[in-house]
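The values are calculated or read from the model by the stated rules, or taken from the named source; none is laboratory data. As the structure is a prediction and not an experimental result, all values here were calculated from the model. Heads up, the Cβs are rebuilt from the backbone with ideal geometry, glycines too, and the neighbour counts pull from every protein chain shown. What goes into the accessible areas is simple: the full protein's heavy atoms, side chains included, and nothing from ligands, DNA or RNA. Shrake-Rupley method; radii C 1.70, N 1.55, O 1.52, S 1.80 Å.
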Amino acid sequence: MLAASGFVTIALFLVAVLSRRVSVLIALTALPVLVAVLTGHGGALGKLVGGGLLKVAPVAIMITFAVLYFSLMIDAGLFDPAVARVLRWAKGDPLKITVGTAVLTLLVALDGDGASTFLITASALVPIYERLGMRRLVLAGVVCLGAGVMNMVPWGGPTARAMAALHLTAGEVFVPAIPAMVAGILWVLVAAFLIGRSERKRLGVIELDEVVPAPEPRVGWARVRFWFNVVLTLALIVVLLAQWFPLEVVFVVAFVIAVIVNRPKWEQQQELFAKHGTNVVLVTTMIFAAGVFTGILGGTGMIGAMAKWLVGIIPHGAGGALPVIVAVTGMPLSLVFTPDAYYFGVLPVLAETSAAFGGSAAEVGTAAILGQMTTGFPLSPLTASTFILVGMSGVDLGDHQRFIFKWAFGTTLVMTVVAFVTGAISF
């Protein structure tokens with residue numbers, strides 16, 4: 001009965017989300033509450049929902065302050081010198097422009113927000129691509145690759161959803177995948193080089209006087225503030241990788257310090273919150289809604305019952321391969337499932353099933369972020385930010401998918417191999 005109730009709940013959730021008849025927020029909350037009442041768990045709703053919310057609260061806090069921190073750093077111009085230097089280095093060489101596009105995307109995408117990454121990179125690079133006669137498919141494709149890999153950061157959508165759905169920490173899901181992510185970044189640079197080389201053969205090198213003007217020099221307090229931001233961000237990254245403190249604590253402290261230095265006046269802080277608050281609210285409410293969903297399905301025993309049913313029908317030898325299967329199939333499945341449908345509806349059952357076979361739920365979570373909505377999200381028609389990318393670049397979605405799919409899937413395969421070799425996922 002519990003297994004059947006769980007499968008019905010997930011099926012209804014997927015239908016509601018994929019058909020776009022109901023918002024994800026409503027589907028994540030109303031459906032499990034309704035099923036819990038119908039299956040006789042209405043009296044325990046307070047405990048079930050409260051338990052789920054408590055488990056996802058650290059993730060929601062971390063994402064809130066991470067998004068605010070990197071949004072503040074972008075507004076403060078932390079990455080402007082690097083952007084200008086990359087563009088001036090590339091000049092009129094299509095190969096350098098393509099590699100520079102990848103480097104620029106990797107830098108800007110550090111905030112974990114695909115929409116802002118696409119807006120910044122496309123607006124900066126479209127004029128240069130036009131002046132050189134380069135294909136805009138190259139721009140959209142390379143930005144897609146870079147943003148996809150960087151979307152693995154703990155404050156990005158996929159990893160945050162995986163942690164919330166499985167009630168795990170960044171140390172359990174993300175840190176083991178760091179070597180794979182580094183390999184993915186290197187692969188993106190190699191792919192950009194190969195794509196850019198073909199553009200250079202097609203167009204040749206074009207001499208341009210000045211592709212982008214040098215940024216105005218910072219003097220006085222502006223210069224001090226810039227270098228303070230550099231040191232603070234580098235220290236933040238070191239602390240995050242070393243896991244000396246919980247991520248939510250690190251980002252709260254870092255943001256408070258950054259906002260005092262960069263936006264000391266109350267009016268300036270209000271402007272910051274008004275500008276970026278919408279993105280924060282959209283993400284955090286989804287995380288809390290996921291806490292309701294997983295709290296009810298997990299607390300009532302539905303997820304466990306579904307996993308036991310799957311264990312009974314999956315050959316024992318195949319159970320140990322679940323992490324690898326999840327990693328390899330995640331990217332193609334991003335064209336079918338929305339991130340919410342996959343991470344909140346499918347992933348918990350896969351993780352519980354793997355655990356029943358003696359595997360690790362954390363490994364399945366790590367495997368999921370190697371492909372599902374990382375390398376796949378800038379290709380998926382189910383992700384709104386994809387249309388920002390193709391719209392800003394001026395390309396057709398179908399042409400974009402056909403051009404970059406093999407390179408994006410290659411990123412997943414490279415990261416999966418490295419994750420397997422380094423022990424992040426096992427067979």
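Kindly indicate the residue of region 82-103 that is at pLDDT 85 or above and open to solvent by less than 10 Å² (accessible area, probe 1.4 Å) and also farthest from the chain's Cα centre (by Cα) among those meeting that condition.
As a first pass, look at region 82-103 and keep what is at pLDDT 85 or above: 94-103.
From what is left, the residues that are open to solvent by less than 10 Å² (accessible area, probe 1.4 Å) are 94, 97-98, 100-102.
On the way: 94: 28, 97: 25, 98: 22, 100: 21, 101: 19, 102: 17 Å.
Top of the filtered list is 94.
Report those helices (runs of 4 or more DSSP H) wholly inside region 272-333 carrying at least 2 residues which are at negative phi, touching a Ser or Thr at 6+ places or on another chain (Cβ under 7 Å) and at pLDDT 75 or above.
322-333
Suppose the filter is without any contact (Cβ under 8 Å) to a residue 60 or more places away in the chain, closer than 27 Å to residue 25 by Cα and open to solvent by 40 Å² or more (accessible area, probe 1.4 Å); does residue 256 pass it?
Working: without any contact (Cβ under 8 Å) to a residue 60 or more places away in the chain: yes; closer than 27 Å to residue 25 by Cα: no; open to solvent by 40 Å² or more (accessible area, probe 1.4 Å): yes.
The answer is no for residue 256.
Need pairs with beta-carbon distance below 6 Å; first residue assigned to a helix (DSSP H, G or I) and within region 185-201, second open to solvent by 40 Å² or more (accessible area, probe 1.4 Å) and not hydroxyl-bearing (Ser, Thr, Tyr); sequence gap 6+ or separate chains.
Pairs that qualify, where the first residue is assigned to a helix (DSSP H, G or I) and the partner is open to solvent by 40 Å² or more (accessible area, probe 1.4 Å) and not hydroxyl-bearing (Ser, Thr, Tyr), are 187/414; 191/407.
What about residue 265, is it open to solvent by 40 Å² or more (accessible area, probe 1.4 Å), closer than 16 Å to residue 69 by Cα and of a type in the set (D, E, K, R)? Spell out how you get there, then give the answer.
Details: open to solvent by 40 Å² or more (accessible area, probe 1.4 Å): yes; closer than 16 Å to residue 69 by Cα: no; of a type in the set (D, E, K, R): yes.
So residue 265 does not fit the description; no.
Give me the pairs, please: first residue somewhere in region 321-341 and more than 17 Å from residue 408 (Cβ to Cβ), second residue anywhere and part of a loop (DSSP other than H, G, I, E, B) and at pLDDT below 75, beta-carbon distance under 7 Å, and either six or more positions apart or on two chains.
These pairs meet every condition: 338/382.
If you go through region 122-137, how many residues are hydroxyl-bearing (Ser, Thr, Tyr) and at pLDDT below 80?
Quick first cut of region 122-137, residues hydroxyl-bearing (Ser, Thr, Tyr) only: 123, 129.
The next check asks that each one be at pLDDT below 80; those that pass are 123.
Number satisfying all stated conditions: 1.
Pick from 177, 170, 160: which is modelled with pLDDT of 85 or more and under 24 Å from the mean Cα position of the chain (by Cα)?
Numbers: 170 fails: modelled with pLDDT of 85 or more; 160 fails: modelled with pLDDT of 85 or more.
Being modelled with pLDDT of 85 or more and under 24 Å from the mean Cα position of the chain (by Cα) holds for just one of 177, 170, 160, which is 177.
Got a sec? Which of 142, 182, 188 is open to solvent by 10 Å² or more (accessible area, probe 1.4 Å) and aliphatic (A, V, I, L, M)? If you could, list the steps in order and put the result at the bottom.
Values: 142 fails: open to solvent by 10 Å² or more (accessible area, probe 1.4 Å); 188 fails: open to solvent by 10 Å² or more (accessible area, probe 1.4 Å).
Criteria check complete, one pass: 182.
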